[in-house]
1. With every atom except the alpha carbons ignored, what do you get for Rg and Dmax of the stretch 215-301, in angstroms?
2. I'd like the orientation of helix 35-51 relative to the chain: the angle between its Cα long axis and the longest Cα principal axis, in ° from 0 to 90, rounded to 10.
3. What are the ³J(HN,Hα) couplings of the stretch 332-340, residue after residue, when phi is run through the Karplus curve with 6.51, -1.76, 1.60 and θ = phi - 60°? Round to Hz, x for glycine and proline.
4. Want the number for Lys309 to Glu264: 0.36 nm per residue separation, take away the alpha-carbon distance, what's left?
5. Calculate, in whole percent, how much of the Cα-Cα pair population of the stretch 138-284 lies beyond 28 Å.
6. Provide the three semi-axes, in whole Å and in decreasing order, of the ellipsoid equivalent to the stretch 245-383 as defined by the square roots of 5 times the Cα gyration tensor eigenvalues.
7. Where the Cα atoms of the chain are projected onto their three principal axes, how long is each span, largest first, in whole Å?
8. Taking neighbour counts of Cβ atoms within 10 Å as a proxy for exposure, in what order, fewest first, do Asp216, Asp184, Asp259 appear?
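Laboratory data are not the source of any read-out in this text; all were calculated from the coordinates shown. Quantities reported herein were computed from a predicted structural model and do not represent experimental measurements. Neighbour counts are summed over all protein chains in view; Cβ atoms, including those assigned to glycine, are modelled from backbone coordinates with ideal geometry.
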Amino acid sequence: MQFGQWIRDVRDTVQHAKLEDKKVTVVVGNEASDADSIITALTLAYLVQKEDPDGQGKLVIPLVACNREDMMLRRETVLLLNMCGVDAKNILHLDDPETIELLKKVDELVLTDHNKATGPLAQLGDKVVMIIDHHQDLCAHEHVTGESRAIAFSGDKATAGSACSLIAERFLGSPCGKELLLQDEGAVARALMGVILIDTVNLDPAAKKVTPKDLDAVKNLQDMAPRFGLDSLFQQLDAAKFDQAFWAELSVAQCLRYDFKQFEAAGKTFGLSSVLCPLEELAAKDTWQEVLLQWASQADLYGVLSNTKSAEGGAPRRQLVILSHDNELTKKAADFMTKFEKPALELEALELPGPVGLKAFNQLNSGASRKQVAPCLSTFFGTL
């Protein structure tokens with residue numbers, strides 16, 4: 001069965017409540033629902049389903065942890081799915097009506113690209129049976145151990161630039177995995193490879209993302225998905241992701257919803273949105289101040305991380321802004337982040353319009369993404 005057809009059939013099964021007498025396993029990525037989270041959930045669910053020797057007693061369902069209307073914001077992911085024969089409309093989303101009933105019937109939960117169940121899935125924490133991730137271990141679901149707990153993170157950095165590299169390892173180590181990768185003109189191999197290229201900036205060492213795991217994964221996958229060369233595949237996906245004309249059309253609310261994650265540390269909460277447009281352009285949009293204040297009201301601290309490229313395709317530029325309803329907390333966080341060294345973010349002050357108390361910076365360490373900023377803030381809250 002083709003990968004895209006399987007995904008459509010799974011959603012049809014859920015929509016028509018054909019779950020009786022089946023063990024239901026849900027595979028889900030993190031709430032940011034970036035390409036890594038979406039593709040790892042889809043492909044790992046496909047592998048786990050095909051590994052079931054019975055084939056009838058278990059139903060494995062991939063779930064995307066964002067709302068359906070926000071899928072259109074993820075242009076590179078939708079494009080990659082199309083390249084792999086998958087219609088994004090056939091994927092099950094968190095706010096689909098049938099998802100509410102589905103979550104009541106879950107027997108097992110598998111987490112990809114994160115290691116702690118959050119939001120509506122937090123209530124299913126005791127049902128987590130597998131974690132495949134490349135973020136700092138939050139030490140949740142400690143009953144998941146051994147090979148079922150694969151978290152590629154050591155010290156202050158990930159040991160896999162993409163969680164898709166870890167899923168590729170699973171396929172290559174499975175008795176049926178290589179056959180699945182080759183089927184359908186290498187659709188699954190192409191999906192995994194495309195995200196690895198996105199996450200590692202085309203395997204570029206200068207971006208400080210690529211690791212030996214990513215290089216090995218792409219080496220094994222590229223001959224299985226020959227329709228696009230590596231550079232061609234990356235350039236198409238990268239152009240869709242960083243299309244500034246597209247970002248210029250989005251509202252502030254859409255930009256901040258594009259890639260958001262919430263964190264907890266020392267009894268406090270903080271949220272971080274990642275955007276792909278300069279903060280100066282985001283701050284110039286209508287309702288910037290009102291929407292920013294709304295997001296900041298939902299946590300102890302809120303931040304926006306910007307990652308952009310020059311029109312000439314030069315080095316990436318990173319910026320960040322933080323805000324709290326407590327101006328003193330914002331100041332303390334800004335001071336801590338400026339002095340933090342594991343790794344140093346290399347922050348320099350940036351003048352940016354916005355609510356009183358806002359702190360904005362250019363971040364000269366372009367290799368430090370949310371994977372480094374979030375642990376920095378977690379450490380900060382631990383010092384209070």
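1. 18.1, 50
2. That helix lies at roughly 20 degrees to the long axis.
3. Once θ is set to phi - 60°, the couplings for the stretch 332-340 become 5, 5, 4, 4, 5, 5, 5, 9, 5 Hz.
4. Numbers: separation 45, 0.36 × 45 = 16.20 nm, distance 3.06 nm.
Stretched fully, the Lys309-Glu264 segment lengthens by 13.1 nm.
5. Counting every Cα pair in the stretch 138-284, those more than 28 Å apart make up 35 percent.
6. On the way: eigenvalues 95, 67, 34 Å².
Taking √(5λ) for each eigenvalue gives 22, 18, 13 Å, largest first.
7. Principal-axis extents of the chain (Cα, largest first): 60, 44, 39 Å.
8. With the sparsest Cβ surroundings first, the list reads Asp216, Asp184, Asp259.
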